[in-house]
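The values are calculated or read from the model by the stated rules, or taken from the named source; none is laboratory data. Just so it is clear, the structure is predicted and the values come from calculations on it, not from any experiment. Glycine gets a Cβ as well: all are built from the backbone with ideal geometry, and neighbour counts include every protein chain shown.
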Amino acid sequence: MRNVQPEASHYIGGAYVEDAAGDAIDVTYAATGEQVATLHAATPAVVDRALAAAEAARRDWAALPGVERGRVLRRAADLLRERNRELSEIETIDTGKPLQETLVADAASAADALEWFGGIAATVRGEHLQLGADWAYTIREPLGVCVGIGAWNYPTQIAAWKAAPALACGNTMVFKPSEETPLCALKLAEILTEAGAPPGVFNVVQGRGDVGAALVTDPRVAKVSLTGSVPTGRKVYAAAAEGMRHVTMELGGKSPMLVFDDADIDAAVGGAILGNFYSSGQICSNGTRVFVQSGIRDAFLDRLSERLKGVVMGDPLDEAVNFGPLVSEAQLTKVLGHIRDGVAEGATLVTGGNRVDRDGWYVEPTVFADVTDDMSIARQEIFGPVASILTFEDEAEAIARANATSFGLAAGVFTADLARGHRVAAAFEAGTCWINTYNLTPVEIGFGGAKQSGIGRENGLGAIEHFSQLKTVYVGMGGVDAPY
Ligand code: NDP
């Protein structure tokens, strides 16, 4: 296996930084359990140094014309694409996701974000308002030092989806990856420096929740963008509120996918596969509650079981492999626990359900049928390759049950009736919806959750609003009319 030990654990002020006094973070390859790198969590001194670097860089970076900031981001996008294979291999070793996926989904998506936000950096602007003789204008200003905190499932993409709009707007960032996947964000930092980002504009510090908490509460920080679970989101949101900081919360989900009996079954099964088994199910927006109209239940299950025979398990670095392990042993234990609960609650295990008898943290693609709304597998986010199939009779019932959750990240509907497709999408209580497809998240469109699944949006023009603030300037053109 290639050597993935980085030069040092952190990246601050345009260079690698080490402080071996920090707790060890062992990086393991999920396919074998083999240790591939050791890093150190940031000590308070490292956290301080990173925030100081971001603080020192922010005024000059904000003062650059947007077109110059954008050029740096677009150069970084080109470098990511040139090095896609190398970066994809690191992503695979960091997460265990198959190279077949990472070659198209990770550095590529990060490059898209940097290119797109690089392109619009020059267009960020305020407006002019005529007020009789007087007038006013608005300036869209950066917020300052932003903190990004990432989950482990898409470490390159998450770092770039936060950095690209933040930097385009003229902010600087300190990013803390998940301790499970600390390698990829360092590569993004290296590439941004190579592309011309001044020292301190994008910094990476490693660590667990305590390092994240130290970042969130530092007075130098103006904004926190978290990708993580709902419980962590609550803590981080509350801590950010103490300092009246801006937040974006990209949190978990238990998203519904509705399959009506007029749907193209192969397309719907394809959607269910993408929305339950891609990345071994470790995707926040997954449609893990698959509501199938009762008349096509058997056909749907037969087709799904048939297509799952196409799963190729093995070493994720082998490009023929399309299904990898879970990220960690802890995640494996958690997912197997949910599967046991599903069996105990009386759901029908159609396929899978077991740990795979090989090294690494593999769980078989698992499909439960006859799932009811009250079962824990239909209520809790599993974050593993486990699909729950529920049946419904009519549209109103399906919508009501789809929305009967505190989550609201995503939702999907498969139907040949386009009026129904739009009607159902309008009724979904979710931030991102799909009609006749699932889990497509190009940078052009906003992504984020409703209800407990989050606040704010990543990607699309909306992200610019979440990484900037408006200043209003009133211009008096005559005398001042005071009462005394
Ligand atoms: P966690 O919520 O456990 O952790 C998210 C990040 O927050 C990690 O970097 C973690 O550090 C850090 N953290 C933990 N506690 C604190 C704290 N008190 N203050 C600041 N930072 C803290 O999520 P996972 O990493 O387990 O990721 C899985 C979750 O992420 C799922 O719920 C999934 O749905 C969600 N997710 C949401 C996405 C979205 O866009 N909506 C996309 C991807 C995932 P560490 O883990 O290193 O201790």
- [ ] Taking VAL259 as the residue in question, decide whether it is within 12 Å of the ligand (Cβ to nearest atom) and at pLDDT 95 or above.
- [x] no
Task: One residue from THR95, THR138 being within 16 Å of the ligand (Cβ to nearest atom), under 26 Å from VAL247 (Cβ atoms) and touching a residue at least 24 places away in the same chain (Cβ under 8 Å) - done: THR95
Open item on the list: So, in the range 206-233, how many residues would count as being within 17 Å of the chain's Cα centre (by Cα) and either assigned to a helix (DSSP H, G or I) or at pLDDT below 95 (or both)?
Closed with: 5
- [ ] Can you give me the number of residues within the range 423-450 that are free of Cβ contacts under 8 Å to residues at least 24 places away in the same chain and hydroxyl-bearing (Ser, Thr, Tyr)?
- [x] 0
Open item on the list: Restricting to the range 278-314, name every residue that is more than 16 Å from the ligand (Cβ to nearest atom), surrounded by 19 or more Cβ atoms within 10 Å (Cβ to Cβ) and under 25 Å from the mean Cα position of the chain (by Cα).
Closed with: VAL290, PHE291, MET313
- [ ] Scan LYS187, LYS162, LYS176 and give me the residue that is modelled with pLDDT of 95 or more, basic (Lys, Arg) and within 20 Å of ILE283 (Cβ to Cβ).
- [x] LYS162
TODO: Could you tell me which residue of the range 20-51 is surrounded by the fewest Cβ atoms within 10 Å (Cβ to Cβ), considering only residues that are farther than 27 Å from GLY96 by Cα and in contact with a strand residue (DSSP E or B) (Cβ under 9 Å, 6 or more places away or on another chain)?
DONE: ALA21
Task: Count of the range 147-166 residues which are assigned to a helix (DSSP H, G or I), in contact with a Cys (Cβ under 8 Å, 6 or more places away or on another chain) and over 18 Å from LEU51 (Cα atoms) - done: 2
Open item on the list: Scan the range 131-142 and tell me whether some residue there is surrounded by 24 or more Cβ atoms within 10 Å (Cβ to Cβ), over 17 Å from GLY70 (Cβ atoms) and not β-branched (Val, Ile, Thr).
Closed with: no
TODO: For LEU326, indicate whether it is surrounded by 16 or more Cβ atoms within 10 Å (Cβ to Cβ) and either within 22 Å of the chain's Cα centre (by Cα) or polar (S, T, N, Q) (or both).
DONE: yes
Task: Number of positions in the range 241-273 that are within 26 Å of GLY148 (Cβ to Cβ) and either crowded, with 23+ Cβ neighbours inside 10 Å or in contact (Cβ under 8 Å) with a residue 12 or more places away in the chain (or both) - done: 13
Task: Positions within the range 167-183 being outside any loop (DSSP other than H, G, I, E, B) and within 13 Å of the ligand (Cβ to nearest atom), in sequence order - done: VAL174, PHE175, LYS176
- [ ] Give me a count of the residues in the range 190-218 that are within 16 Å of the ligand (Cβ to nearest atom) and either surrounded by 24 or more Cβ atoms within 10 Å (Cβ to Cβ) or of a type outside the set (S, T, N, Q) (or both).
- [x] 15
Task: Subset of the range 290-318 (residues that are more than 25 Å from GLY96 (Cβ to Cβ) and in contact (Cβ under 8 Å) with a residue 24 or more places away in the chain) - done: PHE291, VAL292, GLN293, SER294, GLY295, ILE296, ARG297, ALA299, PHE300, LEU301, ARG303
Task: Close pairs from the range 220-238: first basic (Lys, Arg), partner in a helix (DSSP H, G or I), Cβ under 7 Å, at least 6 apart - done: ARG220/LEU51; ARG220/GLU55
Task: Members of the range 338-349 found to be outside any loop (DSSP other than H, G, I, E, B) and surrounded by 13 or more Cβ atoms within 10 Å (Cβ to Cβ), listed by number - done: HIS338, ILE339, ASP341, GLY342, VAL343, THR348, LEU349
Open item on the list: Show the residue pairs meeting these rules: Cβ distance below 6 Å; 6+ apart or different chains; first residue within the range 152-171 and under 15 Å from GLY446 (Cα atoms); second residue near the ligand (Cβ under 9 Å from one of its atoms) and not in a loop (DSSP other than H, G, I, E, B).
Closed with: ILE158/THR227; TRP161/GLU458
- [ ] Select from the range 326-351 the residues that are free of Cβ contacts under 8 Å to residues at least 40 places away in the same chain and not hydrophobic (A, V, I, L, M, F, W, C) and list them in ascending order.
- [x] THR333, GLY337, ARG340, ASP341, GLU345, GLY346, THR348
